[in-house]
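The values are calculated or read from the model by the stated rules, or taken from the named source; none is laboratory data. Note that the coordinates shown come from a computational prediction; the quantities given were computed from them, not determined experimentally. Neighbour counts are summed over all protein chains in view; Cβ atoms, including those assigned to glycine, are modelled from backbone coordinates with ideal geometry. When the accessible area is computed, the model is the full protein with side chains, heavy atoms only, and any ligands, DNA or RNA have been set aside. Shrake-Rupley method; radii C 1.70, N 1.55, O 1.52, S 1.80 Å.
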Amino acid sequence: MISAWIGSRSRLMAILHDILVIPFAWFGAFWLRFNLDGIPEEALEVAINMLPIIMVIQTVTYWSVGLYRGIWRFASTPDLMRIIRAVFISCILSLLILFFTTRLQGFPRSVLPIYAMLLVICLGGSRFTVRWVKDNKRWMQAGKRVLIVGADQAGEGIVRDLLRDGDRSYKPVAFVDDRLSKRGQEIHGIRVVGRAIDIPKIVKDHKIELIIIAMPSARAEEMRHIMQYCEGTGCLVRTLPGLNALVAGQISVDLLREVSLEDLLGRDPVSLDWVGIKSAITDKTVLISGGGGSIGSELCRQVARLKPALIVVAERSEYNLFMLEQEFKEHFPTVKLAIHLVDVSDSPAMNRVLSHYQPNIIFHAAAYKHVPMLQSQPREAIANNVLGTRCLAQLALAHGVDKFILVSTDKAVNPTNIMGATKRVSEMICHCLNGSGHTQFITVRFGNVLGSAGSVVPIFRQQLEKGGPITVTHPDITRFFMTIPEACQLILQALAIGKGGEIFVLDMGEPIKIQFLAEQMIHFSGKKLGEDIEIRYTGLRPGEKLYEELFHPTEVLESTDHEKIFQAQARQLNWVWLSKILDEMEDSVTTCNEAQLKDLLHQLVPELEVQPAIQEEVQV
C-alpha cells in the first residue's frame, strides 16, 4: 500500500512537471522567434490567448501516448520516442485549431517548430538528467573499484547493472580488451585502457579492488591467459557463467561467481548428436557397472534424463550404492532403478543379473584406477580390471546385449604402470570379442577427470584444508583434463555413433601442468603461494610418467562425424592367443602368483615399461 502511494505520488509529480513545462516552452518559443528581444504586443496576446488550449491539448496527448508508463529512474530510448510522438501530435492539433480560429493572423509560423524543439528538450532532458544523477550516485560512495575484462556485450551489461543499482558498493573504473579496435573506446563512460597483459599495472594505477572477467564465451586457454595476469594483484576475481548458462539479455552482477578449475581446464564444448543419443537410450534397459563411482554415477544421471525403460546398477561399494539410490529418489523419482551389490568378476552373480533384466546396453565403468596403489597389487588390478571385463563382456555376448561400451583411459597407451596395462588388456578383450556375436563392443578413451574420487583435485583440496604443503611429483608433469559430465557425454556419443570395434578418442586440447593446477587451487583458496602454502615436489611415483598419450603410434587416427571426436584404428589381435593367457591369469589370481601375473601382463602388453621413480624434492 505504501509503495503504491509512493508510486502515485511520483506519477503526479511527473504530470505536474510536464504541465509546467508547457508555458515555459510556449513563451520561450516566442522569445526565441523574436531574437531574445521583447515579444510584440500582438504576438504576445495571441500567445496568452492560445496557452490554455495548448495546455489542454498537450496534457491529453501526454496521457494518450502513454508518457507516464516509463519510470524516470530508468528513462531510455522508448521514453524519448513517446515524448517525440506526443509533441508531434499536439503540435499538429494546435496548428489545426489555430488555423480554424485565427487563420494564423498575427501568429509567427516558426513558433510551433521552436516550441516542439523546446518541449522535447525539456521533457526528455529532465528525465535523462534524473537517470544520470541516479546512475552516477556511485561517485559519492566509497565502493569497490572494479576492472572489467572484455569490452563486449557481456561487459556492457555488467557495467550497466553496476551503474543502475545505487545500493551496490561498486565503481566500474576501466575496461581491458586485447582487441586493438576497442582501445580508447568508452562504454557508459568507462574507457578501455589496455590489454590483459596490462592488468597488473592498471590495478596499481587505478587502485582496483575487484576484477570481473566478462567473457562468457572465453575458451579455457583464454581464461588461463587472463588469470596469469590477475594473479599477484591481490584482487578478487569473478566471472560470468558460460554462454549455455546465460539467458539472452539477462547478464547482471547477480550472475557473477568465482573462477573455477573447470573454467581454466575445460575445453571447447563438443557438439553432440543428442537426437541420436536419445534415440539409442529411450525405452531401453541400460546396465551400468561401477554405477556408484564418479563416472558411473554421472552416467546414471545423464541416462536417467533420456527416459530409459530401466537403469540397472552393478556396484561393489555398499556406501556408493546407497548414496546413488537416495539421490535417485530425490531427483529422478519417476526413473526405474534396480541396484545390485555385486562384483563384475563374480560370473554367477552377474549372469543372474543379466538373465533377469536382459539389458540392451552395458556401460562398463567398473575398474580400479589408483596408479601407485595398483603398482604393488597386480593381483587385485588384474582380477578386477581384466578378468572382470572378460566376465561381463562374455556374458553380454551370451545374453545378446546390443552394445557394450568400455570406459578406458589414456593410461592404456604405452603404459608404464600396472593400472594402464590392465586397461589396455580390457581394450584388447573388447576388440577381439567384437564381431563374434550380436553384441557391438565400443571403447571410449579419455584423460583425467576433474574431481573424480582419488584424483588430484580432491587430494589438493585436502592438503589445502590442512595448511599444506601441496605435493606435486614433478615440476614438468602434465595431464589431459576433462569434467565428469563431459566424459560421460563422450561415452553417450560413442554409443550413438559406434558400430562395433571402434576406439573413440576425444580431442583433449593442450595438456595442463599439474604445477599450474596446484598454483590455481592455492589462488582460489585465498592463500598466497610461498607465504601461506608451499608446493613440494616429491619425485615421480612408481609407474607414473611425465605425460600421457591418447593413442599408440601404430593406431592411425581417423575423423568421425563429430569435430572433436576421433577414432583410433585398433591393432589386430588373436582371440585364441589372448584367451589362453587370460585363462592362465585367472589361475594365477586363484593361486596368488603375482610374479606369474606380471609376466603374463607383460606378454599381453609388451610396451609396458615401468619407469623408476625420480627421487627429488624441491620446495617453492
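One table, with the values for the structure above:
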quantity	calculated
Extension gain (nm, one decimal) between ASP198 and TRP63, 0.36 nm per residue minus Cα-Cα	43.4 nm
Computed label-point distance, nm, for sites ILE92 and LYS513 using a 7 Å Cα→Cβ extension	7.1 nm
Listed residues LYS499, LYS598 arranged by accessible area, highest first, probe 1.4 Å	LYS499, LYS598
Two-decimal Rg/Rh across the stretch 326-378, once Rg and the Kirkwood Rh are taken from alpha-carbon atoms	1.08
Residue order for SER126, SER436 - accessible surface, 1.4 angstrom probe, largest first	SER436, SER126
FRET efficiency, THR282 to PHE322 (Cβ-Cβ, R0 30 Å, nearest 0.05)	0.60
Ranked by how many other beta carbons lie within 10 Å on average, peptides 402-408, 329-335, 532-538 from highest	402-408, 532-538, 329-335
Of LYS423/LYS580; LYS278/LYS499; LYS411/LYS598; LYS369/LYS598; LYS499/LYS580, pairs whose Cα-Cα distance is over 21 Å	LYS499/LYS580
Cβ-derived FRET efficiency at R0 30 Å, MET81 paired with ARG179, nearest 0.05	0.40
With DNA, RNA and ligands ignored, accessible area of LYS171 (1.4 Å probe; Å², nearest 10)	30 Å²
Stokes-Einstein D in µm²/s, Kirkwood radius over Cα pairs - the stretch 313-439 at 10 °C with 1.306 mPa s viscosity	102 µm²/s
Carbon + sulfur, % of accessible area of the stretch 275-389 - ligands and nucleic acids excluded, 1.4 Å	51 percent
Accessible area in square angstrom per residue, the stretch 386-522, 1.4 angstrom probe	26 Å²
Solvent-accessible surface (1.4 angstrom probe) belonging to ASP178, in square angstrom, nearest 10	80 Å²
Ratio Rg/Rh [Cα only; Rh per Kirkwood] for the stretch 399-500	1.08
Length released on extending from MET373 to GLN569, taking residue separation times 0.36 nm less the Cα-Cα span	67.5 nm
Förster radius 22 Å - calculated FRET efficiency between VAL56 and SER110, Cβ distance, rounded to 0.05	0.40
Solvent-accessible surface ranking, highest first, for MET117, MET419 at 1.4 angstrom	MET117, MET419
